[in-house]
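Participant: Would you mind keeping the following structure in view while I ask a few things?
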Amino acid sequence: METLKNLLVQSAIVLKYPAENAEDIVNVLGRRLFEDGYTRESFVQAALDREEEMPTGLPLNGSYNAAIPHTDVEHVIKPGVAFGTLKSPVIFQNMAVPEESVDVSLVFLLALDQPKAQIGMLQQIAGILQDPQIIKDLMNASECEDIIRIIGNRNAK
């Protein structure tokens, strides 16, 4: 199974982005994956459409919440993960209770080319998101290299 660190696309890491809303950050991250040849042009719209049907906002126990938008494998050319931290939270709908809103500050946009890969990747991300210190480190990071190092250190455990 691929590790999150190996799938992180450095050019698709956006830090302290001033997103207007959930659609804005999915567009920015998705465009980076598309420009780097990871996804088809249909990927961003498919991820947004899926978000409407099956939200991915994830309330965490600390100061920050996350979202893990993704879509079906036919929109993916090769696997990659985009990551963003937000200057101010934006609203995603709650994964478990879709009628509830979640103020999200961290976004992992998954472009995976194997249907079964999503479960493993979601488990790796969940492991990271359960650690308040890692979340704080990710939110405070100012360089893309910091994100890769922080996630790589977590994957090494």
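The values are calculated or read from the model by the stated rules, or taken from the named source; none is laboratory data. Given the structure is predicted, the values throughout are model-derived calculations rather than measurements. Virtual Cβ from ideal backbone geometry, glycine too; neighbours counted across all protein chains shown. For the accessible areas, the whole protein counts, side chains as well, though only heavy atoms, and no ligand, DNA or RNA atoms are used. Shrake-Rupley method; radii C 1.70, N 1.55, O 1.52, S 1.80 Å.
Participant: Gain in length, ASP113 to LYS87, computed as 0.36 nm per residue apart minus the alpha-carbon separation, to one decimal in nm? All intermediate terms of the calculation are to be shown ahead of the outcome.
Facilitator: Values: separation 26, 0.36 × 26 = 9.36 nm, distance 3.02 nm.
Taking ASP113 through LYS87 to full extension adds about 6.3 nm, to one decimal.
Participant: Rounding to the nearest 20 debye, state how big the charge dipole of the chain is about its Cα centre with +1 on each Lys and Arg Cβ and -1 on each Asp and Glu Cβ.
Facilitator: 640
Participant: Tell me the label-point distance for the pair ARG149, TYR17, using the 7 Å Cα-to-Cβ offset, in nm and rounded to one decimal.
Facilitator: 2.3
Participant: So what is the accessible area of segment 113-155 per residue, in Å², with the probe set to 1.4 Å? Display every interim value, and only then the final one.
Facilitator: Working: 2330 Å² over 43 residues.
Result: 54 Å² per residue.
Participant: Calculate, in nm to one decimal, what ASP24 and LYS78 gain on full extension: separation in residues at 0.36 nm each, minus their alpha carbon distance.
Facilitator: 17.1 nm
Participant: Hey, another quick one. Pick out which of ALA66, ALA12, ALA46 has the largest mean-square fluctuation in a Gaussian network model of the chain, springs linking Cα atoms closer than 10 Å.
Facilitator: ALA46
Participant: Sticking with this one: Enumerate the aspartates and glutamates that LYS136 could reach by cross-link, defined here as Cα to Cα under 17 Å, with residues fewer than 8 away along the same chain left out.
Facilitator: ASP103, GLU145, ASP146
Participant: Still on this structure, I have one more. At 222 nm, what helix-only mean residue ellipticity would the chain give, in deg cm²/dmol to the nearest 500, using -39500 (n - 2.57) for each DSSP H run of four or more?
Facilitator: Computed ellipticity for the chain at 222 nm equals -12000 deg cm²/dmol.
Participant: Given a 10 angstrom Cα cut-off, can you work out which residue in LYS78, LYS16, LYS116 is the most mobile in a GNM of the chain?
Facilitator: So, out of LYS78, LYS16, LYS116, the one fluctuating most is LYS116.
Participant: In whole angstrom, note down how far apart the Cα centers of segment 39-80 and segment 81-141 are.
Facilitator: Using only Cα atoms to place each centre, the spacing works out to 9 Å.
Participant: Further question on the same structure: Can you give the local net charge around PHE34? Use residues other than it whose beta-carbon is closer than 10 angstrom to its beta-carbon, Lys and Arg +1, Asp and Glu -1. The partial results should precede the final answer.
Facilitator: On the way: positive: ARG31, ARG32, ARG40; negative: GLU35, ASP36, GLU41.
Result for the neighbourhood of PHE34: 0.
Participant: For GLU2 paired with SER101, estimate the spin-label separation in nm (one decimal), with each label point 7 Å from Cα along the Cα-to-Cβ line.
Facilitator: 3.4
Participant: With every protein chain present, what is the per residue accessible area of segment 1-43 (1.4 Å probe, Å²)?
Facilitator: On the way: 2300 Å² over 43 residues.
On a per-residue basis, 54 Å².
Participant: With the dipole of the chain worked out from charges on the C-beta (+1 for Lys and Arg, -1 for Asp and Glu) around the Cα centre, which of THR56, VAL90, VAL107 lies farthest toward the positive end?
Facilitator: Result: VAL107.
Participant: Could you tell me what percent of the accessible area of the chain is made up of carbon and sulfur, with a 1.4 Å probe and every protein chain present?
Facilitator: 47
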